[in-house]
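Structure first, then comments.
The values are calculated or read from the model by the stated rules, or taken from the named source; none is laboratory data. These figures come from a predicted structure and were not determined experimentally. Glycine also receives a Cβ, built like all others from the backbone with ideal geometry; neighbour counts cover every protein chain displayed. Remember, those area values only see protein heavy atoms, side chains included, never the ligands or the DNA or RNA. Shrake-Rupley method; radii C 1.70, N 1.55, O 1.52, S 1.80 Å.
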Amino acid sequence: MAKKLNRNVSAARPTPRAPGGGAASGAAGRKRGRRVSAQLLTDWTVQMATLSEAGIPVVRALKILEGQARPGPFKAVQGELVEDVSGGAPLSEAMARHGRVFDGLYSAMVRAGETGGVLDVVLSRLAYFRERAAAVRSKVVGALIYPAIVLFVALVVVTVVMLFIIPRFREVFDSFGIEMPRPTQILLGASSFATTYWYLVVGVPVGALVLHSVLMSRGGGYRYRVHGLLLRMPYLGTVLRRSGTAQFARTFGTLVQAGVPHLDALAITRDTTSNAVLLEAIESIRAGVREGEAISRPMQESGSFDDLVTNMVEVGEQTGELDKMLLKVAAAYEAETERKIDALFKILEPLLLVFLAVFVGFIVVSLFLPMLRIMSAGGIS
């Protein structure tokens, strides 16, 4: 099963398909380059599961969904699925040829459903899995909208004030020749620096972000250290750890429930994990399972999972209900993650407002202090 999985994963890479695969090698390369939105794929999975539960054959269900799809990359992918499955290829193999649309988790679960003759059940589980992931993602994105708008407006205001308004006040203050209060000196100095070295003010943050993105994309020690630092941060680290544990438990439990062997399920779960620390922990679990150990023992030794999680996994292994225990862990940690995210953003919103109020207050006080001195000195009648 592991060799078969490796062949399917390899088939998802941008290499030419073998002759007889139902399409020319150039077309295969184009297929693998296509991407579709997560929501579009989720909707398609739900519809496919509904048709399969109704007893409609796979080829006919694919044709129905292709016929009602809007023109675009995903409609083309569906057409190629119809072509490959009509030509005798299993649905999982046809999906594996579109690795950028159907990931390893998706094609492995469909393969397990085909092998066990329960494709409709597996598609229903996939639909639920994707709907849960989409709901969490939508919640996080929705919660980020308000802080993002506030930060953007604050950045625009700061830029306008520093580059255009404060220099005008400097001209007025210099014309009176008085000594500036300390807050005003700080503000005028910051404005002068931003006006003179604007390319550094813009270039350094942008360059740092680009360098960070490049180093993160390369992986290695830098990525591991950054993710480890995030996991150790107060509150945010707890949220990230709970979220990563929920994703691991949901993915691994869904695969085990679908009948995917543990080693293959752990490999797919590892490949769908973005946090380098948790990825290394999953790899150590997989290595232990390969050597004949129970899953709970290397989980505990990795130090990346709570005692509650490892104990529930141990109970699941002993009772033969590992998948149910993992899904219970996922549900509990997903609910806790959502609560913590809600609480975090409820705290973040007033903090942003307080920060803006303090910043604006500092600007106002810094600009009015010299004016008060001028008035007290009789410079303004």
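Here is the figure for region 311-325: residues that are buried (at least 18 other Cβ atoms within 10 Å of the Cβ) and free of Cβ contacts under 8 Å to residues at least 60 places away in the same chain total 4.
When you go through 169, 173 one by one, which is the residue that is of a type outside the set (Asp, Glu) and either open to solvent by less than 40 Å² (accessible area, probe 1.4 Å) or in contact with a Ser or Thr (Cβ under 7 Å, 6 or more places away or on another chain) (or both)? Before the answer, list the steps.
Values: 169 fails: either open to solvent by less than 40 Å² (accessible area, probe 1.4 Å) or in contact with a Ser or Thr (Cβ under 7 Å, 6 or more places away or on another chain) (or both).
Result: 173 is the single residue among 169, 173 that is of a type outside the set (Asp, Glu) and either open to solvent by less than 40 Å² (accessible area, probe 1.4 Å) or in contact with a Ser or Thr (Cβ under 7 Å, 6 or more places away or on another chain) (or both).
When region 57-91 is filtered for residues that are among the hydrophobic types (A, V, I, L, M, F, W, C), assigned to a helix (DSSP H, G or I) and either farther than 26 Å from residue 116 by Cα or in contact with a strand residue (DSSP E or B) (Cβ under 9 Å, 6 or more places away or on another chain) (or both), the ones remaining, listed by number, are 74, 76.
Given the condition farther than 23 Å from residue 236 by Cα, hydrophobic (A, V, I, L, M, F, W, C), touching a residue at least 24 places away in the same chain (Cβ under 8 Å) and part of a helix (DSSP H, G or I), answer yes or no: does some residue in region 330-350 qualify?
Kept after step one, since they are farther than 23 Å from residue 236 by Cα, are these residues of region 330-350: none.
There is no residue in region 330-350 that is farther than 23 Å from residue 236 by Cα, hydrophobic (A, V, I, L, M, F, W, C), touching a residue at least 24 places away in the same chain (Cβ under 8 Å) and part of a helix (DSSP H, G or I).
Taking the listed residues 66, 83, the one that is touching a helix residue (DSSP H, G or I) at 6+ places or on another chain (Cβ under 8 Å), over 23 Å from residue 260 (Cα atoms) and touching a residue at least 12 places away in the same chain (Cβ under 8 Å) is 66, with no other qualifying.
Check region 189-200 and report whether any residue there is part of a helix (DSSP H, G or I) and under 25 Å from residue 337 (Cβ atoms). Break it down stepwise before answering.
Kept after step one, since they are part of a helix (DSSP H, G or I), are these residues of region 189-200: 189-196, 198-200.
If we keep only those that are under 25 Å from residue 337 (Cβ atoms) too, we end up with none.
Looking for residues that are part of a helix (DSSP H, G or I) and under 25 Å from residue 337 (Cβ atoms), one finds none in region 189-200, hence no.
Sort out which residues of region 191-214 are among the aliphatic types (A, V, I, L, M) and surrounded by 15 or more Cβ atoms within 10 Å (Cβ to Cβ), and write them in order of number. Correct list: 194, 201.
Here residue 357 meets each of (1) among the small types (Gly, Ala, Ser); (2) surrounded by 12 or more Cβ atoms within 10 Å (Cβ to Cβ); (3) under 21 Å from residue 153 (Cα atoms) with one exception, condition (2).
Tell me whether region 234-241 contains one or more residues that are among the basic types (Lys, Arg), modelled with pLDDT under 90 and part of a helix (DSSP H, G or I). No: zero hits. Taking every residue in region 278-300 that is in a helix (DSSP H, G or I) and pairing it with any residue that is of a type in the set (Asp, Glu), at least 6 positions away or on another chain, the pairs with Cβ-Cβ distances below 8 Å are 284/301; 288/301; 296/314; 296/317; 300/307.
Taken as a whole, the structure places residue 53 among residues that are modelled with pLDDT under 90, open to solvent by 30 Å² or more (accessible area, probe 1.4 Å) and at negative phi.
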